[in-house]
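Take a look at the structure set out below.
The values are calculated or read from the model by the stated rules, or taken from the named source; none is laboratory data. Just so it is clear, the structure is predicted and the values come from calculations on it, not from any experiment. Note that we place each Cβ from the backbone using ideal geometry, even for glycine, and neighbour counts take in every protein chain shown.
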Amino acid sequence: MTVARLLASGLGSGFIPRAPGTAGALLGLVLGIPLLLASHVVLALAALLISLLGLWAIRAANVDGDPAWVVIDEIAGQWVALLGLARPSALGLAAAFALFRLFDIVKPGPVGWADRQGGAPGIMADDLIAGAIAAGILWAVGQHWPGLLG
């Protein structure tokens with residue numbers, strides 16, 4: 001396995017036979033918690049870095065279409081979703097995961113548009129947008145009901 005394919009597959013998590021996108025998002029959640037605990041700046045920089053790495057890995061692995069095993073985009077999108085939390089809590093993390101997966105699967109509005117663009121940018125963009133929508137909702141809930149999500 002090439003380094004590019006290993007990275008694009010989320011260190012192999014994308015090769016899980018059932019629900020590889022969910023497996024990638026779960027890996028993103030687990031890896032994102034310590035980044036969020038460090039600071040929002042660290043998490044945001046890590047999301048930017050993994051997004052750029054994802055663009056490279058998808059291109060270098062000669063990915064055709066958007067195969068299920070490519071999950072680096074789910075990791076990046078999950079990290080963006082986590083940015084909507086003031087701090088991690090069980091309820092907040094569950095909400096970040098659920099909202100991100102919902103928008104990634106349903107692909108409303110701009111998420112679906114980005115998904116249709118194709119290529120490495122389209123593969124990455126739909127998940128980043130899904131994460132941003134989830135983060136916006138989490139932030140708004142946190143503003144309206146402080147302490148509810150963490």
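For segment 54-92, name all the residues that are among the acidic types (D, E) and either in a helix (DSSP H, G or I) or surrounded by 15 or more Cβ atoms within 10 Å (Cβ to Cβ) (or both).
D66, D73, E74
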Boolean, A25 is in contact with a Lys or Arg (Cβ under 7 Å, 6 or more places away or on another chain) and under 29 Å from L149 (Cα atoms): yes
So which residues in segment 9-26 are within 22 Å of A60 (Cα to Cα), in contact (Cβ under 8 Å) with a residue 40 or more places away in the chain and touching a Ser or Thr at 6+ places or on another chain (Cβ under 9 Å), if there are any at all? F15, P20, G24
So, A125, is that one exposed (fewer than 14 other Cβ atoms within 10 Å of the Cβ), without any contact (Cβ under 8 Å) to a residue 12 or more places away in the chain, touching a helix residue (DSSP H, G or I) at 6+ places or on another chain (Cβ under 9 Å) and not polar (S, T, N, Q) or not? no
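So which residues in segment 93-115 are in a helix (DSSP H, G or I) and among the charged types (D, E, K, R)?
Across segment 93-115, the qualifying residues are R101, D104, D115.
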Quick one: which residue in I75, I33 is β-branched (V, I, T), at pLDDT 95 or above and over 23 Å from G112 (Cα atoms)? I33
Might you check whether a residue that is of a type in the set (K, R), crowded, with 18+ Cβ neighbours inside 10 Å and under 25 Å from W56 (Cα atoms) occurs anywhere in segment 93-106? yes
Only residues that are closer than 17 Å to S9 by Cα and among the aromatic types (F, W, Y): list them for segment 67-116, please. W69, W79
Between a first residue in segment 88-105 that is on the phi < 0 side of the Ramachandran plot and a second residue that is of a type in the set (S, T, N, Q), which pairs have beta carbons less than 6 Å apart while being 6 or more apart in sequence or on different chains? F100/Q78
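For the structure I just gave you, tell me whether S51 is modelled with pLDDT of 95 or more, out of contact with any Phe, Trp or Tyr (no Cβ under 7 Å at 6 or more places or on another chain) and surrounded by 18 or more Cβ atoms within 10 Å (Cβ to Cβ).
When the stated conditions are applied, S51 passes them.
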G24 - would you say it is under 14 Å from the mean Cα position of the chain (by Cα), modelled with pLDDT of 95 or more and part of a loop (DSSP other than H, G, I, E, B)? no
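Give the residue, chosen from L37, L43, that is part of a helix (DSSP H, G or I), within 28 Å of Q143 (Cα to Cα) and over 14 Å from the mean Cα position of the chain (by Cα).
Only one candidate passes the filter, namely L37.
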Counting only residues that are closer than 22 Å to R87 by Cβ and among the small types (G, A, S), which one in segment 46-55 is nearest to the chain's Cα centre (by Cα)? A47
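Restricting attention to segment 1-15, and to residues there that are hydrophobic (A, V, I, L, M, F, W, C), farther than 27 Å from S89 by Cβ and modelled with pLDDT of 95 or more, which single residue is surrounded by the fewest Cβ atoms within 10 Å (Cβ to Cβ)?
Of everything passing the filter in segment 1-15, V3 is surrounded by the fewest Cβ atoms within 10 Å (Cβ to Cβ).
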